[in-house]
1. Compute the distance in nm between two label points, each set 7 Å from the Cα along the Cα-to-Cβ direction, one at ALA48 and one at ASN8.
2. Between ALA20 and HIS40, with labels modelled 7 Å along Cα→Cβ, what's the label distance in nm to one decimal, could you check?
3. Could you work out the helix-only [θ] at 222 nm for the chain, with each DSSP H run of four or more residues adding -39,500 (n - 2.57) and the total divided by the number of residues, to the nearest 500 deg cm²/dmol?
4. For ILE29 and THR56, calculate 0.36 nm times their separation in residues minus their Cα-Cα distance, and state this gained length in nm to one decimal.
Amino acid sequence: MRMNTIRNICFTICILCIIASLLLGVAMIWDWVKDSDFIHKSFMTLGALFVASLLTLSVAKKLGVSNE
C-alpha cells in the first residue's frame with residue numbers, strides 16, 4: 001500500500017473521530033443526550049480509533065513504506 005493512501009485513510013479516520021467526539025460532547029453539554037455508559041464507551045471507542053490510526057501512520061513511516 002502506498003504511503004499516500006495510508007496517510008489519507010488515517011487522516012480521514014482522525015477527522016471523523018474528532019467530529020464525532022465534538023458532536024457527542026456538544027450533545028452532552030446541551031442535554032440532548034443523557035450521560036450514560038453508552039456515551040462513555042463511545043468516547044473511549046473514538047479515542048481508541050484515533051490513537052490506532054495515528055500509530056498506524058507512525059509505524060508506516062518508521063518502516064519506510066514505499067511511496068510508489
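Every number in this text was worked out from the coordinates using simple rules, so none of it is lab data. Remember, predicted model here, so these are calculated numbers, not experimental data. Ideal geometry is used to build each Cβ from the backbone, glycine not excepted, and the neighbour counts take in all protein chains shown.
1. Result: 2.8 nm between the two label points.
2. If labels sit at ALA20 and HIS40, their model points lie 1.9 nm apart.
3. The helix-only estimate for the chain comes to -28500 deg cm²/dmol at 222 nm.
4. Values: separation 27, 0.36 × 27 = 9.72 nm, distance 3.21 nm.
Working it through step by step, the gained length comes to 6.5 nm.
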